[in-house]
Amino acid sequence: MLKKAIVGISIILSGFMLAACGSVDNLSSDTNSSNGSKTKTQLTGQTNDNYYQGVIKNGRYRTSKSRGVSVSQESNQFNIKGFENGLLNISKKEFSTKKYVFQEGQYLSTDQVENWLDRKSKSNPTGLNPEKVKSTTPTGRTPIYLSQIDEQDFMVQNGKSLKLSAMTVGLAINSVDYYKKTQYGPTYQTNISNAEVKKHGKAIANQVLQRLRKKKALKNIPIIIALYKSASDDSLVGGNFFAYSLNNDSETKISKWTKVNQKNYVFPLQSNKKGPSTNDEDSFDNFKSTIQGFFPNLSGVTAQAQYTDGSLSGMNVNITTQFYSQTEIISFTQYIQGAAQKYLPANAPIDITVQSTEGIQSFLSRKANEKKFSAHIFNSY
């Protein structure tokens, strides 16, 4: 029932999170008593305060013990990437990048996460999804609610050593339950209401917190539990976090939730969809029309837009081309730069990727509150 998702997305995330590994500080050289060898712990270095430093052991980046494990029905890659990126942003709200060092999850093993993601049964009493029993629902099936678990560890540097000082655990809850009645039969689906997503998400979160506190290293550190509502498989954008709880010291029961008011949209909107801002929709439509008029042989122009508390907090624009001339790419990228500055919404970070079947051809980016887009055109030698 379970599978390991493609880890490329996690690798990409790590690249963004750790950025360029500049100076590397040697923290410690600990002797392993079993064989007399020394374990060297280092940090990746930090390009700016937006990113955590990462942990290196003996020259290798310390990867997660359970990275990429998800319920087999989780096939939307936007969910996987959005889940990891969003969880990191929640961590930054409570655990400063200036104080903490990031370490991929080391306390939940692959086997443990797989068991937790499975249904509860006699052979698997730790399953966090409900038992497979005949239900009173129209389908006669109890849905699978929990689809992913992600662990993030946060260390504090004390002299030449690192000490685990905080943890964040993300729980992804399905908005749609996909299933087959027979092994090779058609796929059926059951929509899960927002009320059910919240109810089961919060119940599972309490169980996870209690289990984490039973581990000696996790008894007396702050632990964030964050809840993510996964989008449907056919969605062109990932889901969104809707709540998280910061549990200090030895708390074993969640007493307070912080609401996360965040939603994702795809531009242009479908005819039956309504977005939060007609101004942003019109701005994107004008941008799209302008560049399609300049180069009519474009395969598509779409955007993923994220809104936090009703305001645009970020946009990723994807432009697919059908031309390969380097001079065309140069001219087109320069034209996009001007059109984006003129038409796309201001005061929000925006990334624009131009790609073809040959791969990414150029990339443009603008940070929040900046006016001009920076551009990079990919060349080949």
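The values are calculated or read from the model by the stated rules, or taken from the named source; none is laboratory data. Here the structure is a predicted model, which is why all the values come from computation and not from measurement. Reconstructed Cβ throughout: ideal geometry from the backbone, glycine too, with neighbour counts over all protein chains shown. Accessible surface is based on the protein model in full, side chains and every heavy atom, while ligands, DNA and RNA are left aside. Shrake-Rupley method; radii C 1.70, N 1.55, O 1.52, S 1.80 Å.
Here are the numbers for this structure:
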quantity	calculated
Net charge of neighbours whose Cβ lies under 12 Å from the Cβ of Ile350, counting Lys and Arg as +1 and Asp and Glu as -1	+1
List His200, His376, ordered by accessible area with a 1.4 Å probe, largest first	His376, His200
Sulfur and carbon atoms: percent of accessible area, the chain [1.4 Å]	47 percent
Karplus (6.51, -1.76, 1.60) ³J(HN,Hα), θ = phi - 60°, over segment 183-200, in Hz, Gly and Pro reported as x	4, 10, x, x, 8, 10, 9, 10, 6, 10, 5, 4, 4, 5, 4, 5, 4, 6
Karplus-derived HN-Hα couplings along segment 265-281 (A = 6.51, B = -1.76, C = 1.60, θ = phi - 60°), whole Hz, x at Gly and Pro	9, 10, 9, x, 5, 5, 4, 9, 9, 10, x, x, 8, 5, 5, 5, 4
Residue-by-residue Karplus 3J(HN,Hα) for segment 222-238, coefficients 6.51, -1.76, 1.60, Hz, glycine and proline x	x, 10, 8, 10, 10, 10, 10, 9, 6, 7, 5, 4, 8, 6, 8, 8, x
Distance (nanometres) between label positions extended 7 Å along Cα→Cβ at Asn191 and Lys253	3.6 nm
Calculated FRET value between Ser299 and Gln112, using beta carbons and R₀ = 45 Å, to 0.05	0.55
Solution diffusion estimate, µm²/s, Stokes-Einstein, segment 237-381, Kirkwood Rh from C-alpha pairs, 10 °C, viscosity 1.306 mPa s	94 µm²/s
Extreme residue, positive dipole direction of segment 128-225, given options Gln183, Asn194, Ala166 (C-beta unit charges)	Ala166
Fully extended contour minus Cα-Cα distance, from Glu358 to Arg119, at 0.36 nm per residue	81.7 nm
Highest average packing first - 40-50, 77-87, Cβ atoms within 10 Å	77-87, 40-50
Sequence-distant residues sharing a close amide H with Gln46 (under 5 Å, placed H)	Gly22, Ser23
Entry for Rg and Dmax of the Cα atoms in Å (calculated from the structure that is shown) out of (i) 41.0, 154; (ii) 21.9, 72; (iii) 22.8, 69	(iii)
Segment 190-303: relative contact order as a whole-number percent, Cα under 8 Å and 6+ apart	18 percent
Label-to-label distance, nm, for residues given as Asn316 and Gln207 (7 Å Cα→Cβ offset)	3.1 nm
Local electrostatic count at Asn248 - Lys and Arg +1, Asp and Glu -1, tallied over other residues with Cβ under 11 Å	-2
5 angstrom amide H check on Gln53, placed H, neighbours 5+ away	Phe102
Solvent exposure of segment 304-381 as accessible area per residue, Å², 1.4 Å probe	56 Å²
Inter-label distance for Lys57 and Thr182, nm, one decimal - labels placed 7 Å from Cα along Cα-to-Cβ	4.8 nm
Segment 272-373: relative contact order as a whole-number percent, Cα under 8 Å and 6+ apart	25 percent
For Ala348, residues with placed amide H under 5 Å, excluding near neighbours	Asn369
Gain upon complete extension [Ser232, Leu269; 0.36 nm per residue less C-alpha separation]	11.7 nm
At R0 = 35 Å, FRET efficiency that the Cβ-Cβ distance of Lys132 and Ser96 yields, to 0.05	0.20
Cross-link table Lys99/Lys160; Lys263/Lys342; Lys98/Lys214; Lys40/Lys65, entries beyond 22 Å C-alpha to C-alpha	Lys263/Lys342; Lys98/Lys214
Antiparallel bridges, percent of DSSP beta bridges restricted to the chain (to nearest 5)	80 percent
Förster-model FRET efficiency, 25 Å R0, Ser277 and His376, C-beta, rounded to 0.05	0.30
Accessible area (Å², per residue) of segment 137-236, counting only protein heavy atoms and a probe of 1.4 Å	46 Å²
